[in-house]
1. What does the charge count around Arg43 come to, taking other residues whose C-beta lies under 12 Å from its C-beta (Lys +1, Arg +1, Asp -1, Glu -1)?
2. If I model a spin label as a point 7 Å beyond the Cα along the Cα-Cβ vector, how far apart are those points for Ser31 and Ser69 in nm?
Amino acid sequence: MLMDNISVNKTWQYEHLRAVDALAENSNGFSGAEIEMVIVEARYKAFDADREFVTEDILGSLTSQVPLSTTMAEDIGALRQWALKRARPAA
């Protein structure tokens, strides 16, 4: 019985590792906090559908969100320009 559990756990891990590339490609520009919220949203959607949470739920939530780095690109650029003239690097 223990060996069956180990096999199932390894299979589950490998299936999700294959999805990491797709998740990485689709989460470009997202912060860690934004990715966390995408996962929370995906889990709620799966729960509402009364099924297990899967990679496609995350991908669906990622495509429905726009990261702040995109929506605030102009403001971020202006802040960086301001910092170049008025701030000193921390390191």
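Coordinate-derived values only; no laboratory data. Only a predicted model underlies this, so the values are computations on that prediction, with no experimental measurement involved. Virtual Cβ from ideal backbone geometry, glycine too; neighbours counted across all protein chains shown.
1. Combined, the nearby Lys, Arg, Asp and Glu give -3.
2. Label-label distance for Ser31 and Ser69, simple model: 1.2 nm.
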